[in-house]
Amino acid sequence: MTTFAGDKEFLLKLREDMYNTRQRRFQYQLAKVTSITTLLGAGGLLVEKLQLTMFFYIIPFLAIAFDFFILGESFTLRRIASFIQVYKQEFKDAESKWEEFVKKNPDRFSSVANFIITVSSSLGCFLILFLKDSTKTWFFHPLNIFWFCSLIILLILLRIIERRMSKRQWIQ
C-alpha cells in the first residue's frame, strides 16, 4: 500500500495533536493539584474566622471534575495512538513499535495517582467537616448525607470509567 503526501501530512498533524493533548492533560493535572491545595489551605486558615466550611463541600467535586477532564484527554490520546498504530502497521517503523509496546504495557500509575489525590482530598474534607460539627449530629443533616452519598457514587463511577477506558479494545 502506498501513502500519499496528504496521508503523511495528516499523520504529522495527528502527532502534533497528540503532543498538544498531552500538554493539556498535564495542565489539568497541575491545575487540579494547585486548586485543591489552595482551597484546602485557604479553607483551613479561614475556617474559624469566616466560617468558610463551604470550601470543604466543594473541593471533592472540583477534584472529580478535573479527573473527568484528565480522563477525556487520556481517552483522546489512546484513540489517536490506536489509529496511528493501525494505520502504520505495514511500515513497522520505530513509532508503531513504540505504540504497540505502550499499548501492551500501559501506564497505570498516573490514573491511580489522580484517583489517590481525589480520594485523599475528599477524605480530608469529610474529616474536617465531620470533626468541625458535632460528630454526633453530622449524619442527621439530610444535606450532609446527600453530599457524602453523591461523593461516594461519583468516586466509584470515576474509577469504573477509568478502568473501562484502560481495557477498551479499539475496532480495527
Unmet requirement for I152, which otherwise passes all of (1) loosely packed, with under 14 Cβ neighbours inside 10 Å; (2) modelled with pLDDT under 85: (2)
Whichever residue in the stretch 88-112 is part of a helix (DSSP H, G or I) and crowded, with 16+ Cβ neighbours inside 10 Å and, among such residues, is modelled with the highest pLDDT: S111
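The values are calculated or read from the model by the stated rules, or taken from the named source; none is laboratory data. Small disclaimer: the values here were computed from a predicted structure and weren't measured. When we count neighbours, we look across all protein chains shown, and the Cβ atoms used for this are built from the backbone with ideal geometry, even at glycine.
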